[in-house]
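The values are calculated or read from the model by the stated rules, or taken from the named source; none is laboratory data. This one's a predicted model, so the numbers in the text were calculated from it and none came from an experiment. A quick note on method: Cβ atoms are made from the backbone with ideal geometry, for glycine too, and the neighbour counts reach across all protein chains shown.
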Amino acid sequence: MTWRHFKLGLASDEELGLHPTPLSGVFSIEKASADRKGLQQAVDRIVAIIQASPDKERIDNIITRWLKRYLQRLGAKANLDQLTSLMEDKDMLAENLENWAQQERQAGIEKGTKLGIEQGTKLGIEKAARNLLKLGVLSNEQIAEVTGLDLEDIAKLHAEIQR
C-alpha cells in the first residue's frame, strides 16, 4: 500500500491502522468526515499517534490547526475557537462533534418534516383536482383556480383519468 493509495482514499481503515503516522491519521479523519462517530474515532486515533511521537507538541499544533480548518470547510457548526490542542482538548472536541451531530439530526428532521408536508399537500391537492374532474361539473380553469394548480397540471390529471 502506497501513500498514493491513502491520498486517493483507496486505503481501508485497517490498512490505515497499520501505518501509525500523523499522515495516516489525517487520511483517517478525511475518510471518516461523513460519519460523526467515525470522525471521533479517527480523532482518538490521531491523538494516540501524536502522543506516541517524540515531537508531539509540534505535530499536535500542526494537526490541530489543520483539523480546525478542515472541520470549518465541512461546515461544522461547532465552537472550535477554544480548540488549541488535540491532546488536551480531545474531550471538548468530542462534545462539539456530538453537538454538531445533534444539530444536523435536528435539521434533517425539520427538513424531512417540511418536505413530507409539502408532498402530502401536493398529493392532497392533486387528489381533490382528480375528484373535481371526475365530477365533471367544473371547467379546467375553475379547478385550477380552486386548487392553485396550473392548467397544464389539470390537463395531465384529466388525461390520467381518461386512461
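Cβ-Cβ distances below 9 Å connect the following pairs, each with a first residue in the stretch 142-153 that is outside any helix (DSSP H, G or I), a second residue that is surrounded by 12 or more Cβ atoms within 10 Å (Cβ to Cβ), and a separation of six or more residues or different chains: Gly148/Ile125; Leu149/Ile125; Leu149/Glu126; Leu149/Ala129; Leu149/Ile143; Leu149/Leu157; Asp150/Ala144.
Of the listed requirements (1) in a helix (DSSP H, G or I); (2) closer than 23 Å to Ala107 by Cα, Ala76 misses just one: (1). With respect to the conditions (1) in a loop (DSSP other than H, G, I, E, B); (2) at pLDDT 75 or above; (3) touching a helix residue (DSSP H, G or I) at 6+ places or on another chain (Cβ under 6 Å), Gln82 falls short on a single one, namely (3). Of all residues in the stretch 92-117, those being hydrophobic (A, V, I, L, M, F, W, C), under 17 Å from the mean Cα position of the chain (by Cα) and surrounded by 11 or more Cβ atoms within 10 Å (Cβ to Cβ) number 4.
Considering only residues in the stretch 54-73 that are touching a Ser or Thr at 6+ places or on another chain (Cβ under 9 Å) and over 20 Å from Ala107 (Cβ atoms), the one that is modelled with the lowest pLDDT turns out to be Tyr70.
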